[in-house]
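Note sheet for the following structure.
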Amino acid sequence: MIGIGNDHTGYELKMEIIKYLEEKGIEYKDYGCGKLETSDYPLYAKAVGRAIQKKECDLGILICGTGIGISIAANKMRGIRAALCHDCFSAEATKLHNDANILAMGARVVGPGLAVKIVDTFLNSEFSGNERHSRRIQMLEDE
Ligand code: RB5
């Protein structure tokens, strides 16, 4: 299950991504805001982050204007590794190396065509399972 969250700036891009998920038959839950709502991005980051913490979702996709605010908010949550990616190389690398559980993007940064390819790359990449990457991920949880 993919949890998807967005503020008002991310609404249109979210709908493009939902179209892709539906075409691929990928299950998702929409925690984001609707078109006409003004909104505060931390609310949606936390809703998707909580869904992952509670294992209601396996992965998340977060969208705000830049992707920055919403990824900062998500990364304050225990066990959440949100990667802000605007290219496919990073989307693959963050799964391989960081076992990222959230992909964040900026709707004012990427167009829908590239964003959908980034989502596709993220969802189709796997953590390497490599010992040194696992150790570093564990270190992220240290105070
Ligand atoms: C909203 O105007 C904008 O600040 C927000 O979408 C995001 O880009 C924050 O990081």
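The single residue among A107, A93 that is modelled with pLDDT of 95 or more and either touching a strand residue (DSSP E or B) at 6+ places or on another chain (Cβ under 6 Å) or closer than 19 Å to I4 by Cβ (or both) turns out to be A107. The set of residues in segment 104-128 that are over 17 Å from K19 (Cβ atoms) and charged (D, E, K, R) comprises R108, E126.
Please specify each residue of segment 109-135 satisfying the condition of being charged (D, E, K, R) and surrounded by 13 or more Cβ atoms within 10 Å (Cβ to Cβ).
K117, D120
Scanning segment 8-18 for residues that are within 13 Å of the ligand (Cβ to nearest atom) and surrounded by 18 or more Cβ atoms within 10 Å (Cβ to Cβ) yields H8, T9, G10, Y11, L13, K14. Taking segment 1-18 as the range and being touching a helix residue (DSSP H, G or I) at 6+ places or on another chain (Cβ under 7 Å) and in contact (Cβ under 8 Å) with a residue 60 or more places away in the chain as the test, the residues that pass are I2, G5, N6, D7, L13, E16, I17.
On inspection, M105 passes the criterion of being of a type outside the set (D, E) and under 22 Å from S39 (Cβ atoms).
For segment 23-39, does any single residue satisfy the condition of being crowded, with 17+ Cβ neighbours inside 10 Å, touching a helix residue (DSSP H, G or I) at 6+ places or on another chain (Cβ under 7 Å) and under 18 Å from L140 (Cβ atoms)? So far as segment 23-39 goes, no, none of its residues is crowded, with 17+ Cβ neighbours inside 10 Å, touching a helix residue (DSSP H, G or I) at 6+ places or on another chain (Cβ under 7 Å) and under 18 Å from L140 (Cβ atoms). Residues in segment 62-79 that are surrounded by fewer than 23 Cβ atoms within 10 Å (Cβ to Cβ) and either under 12 Å from the mean Cα position of the chain (by Cα) or on the phi > 0 side of the Ramachandran plot (or both): I68, I72, N75, G79. Selection of strands (runs of 3 or more DSSP E) fully inside segment 19-118 by the criterion of at least 1 residues being without any contact (Cβ under 8 Å) to a residue 40 or more places away in the chain and within 13 Å of the ligand (Cβ to nearest atom) returns 82-84.
The values are calculated or read from the model by the stated rules, or taken from the named source; none is laboratory data. What you see is a predicted model, and the numbers here were worked out from it, not measured in a lab. Cβ: placed from backbone, ideal geometry, glycine included. Neighbour counts: every protein chain shown.
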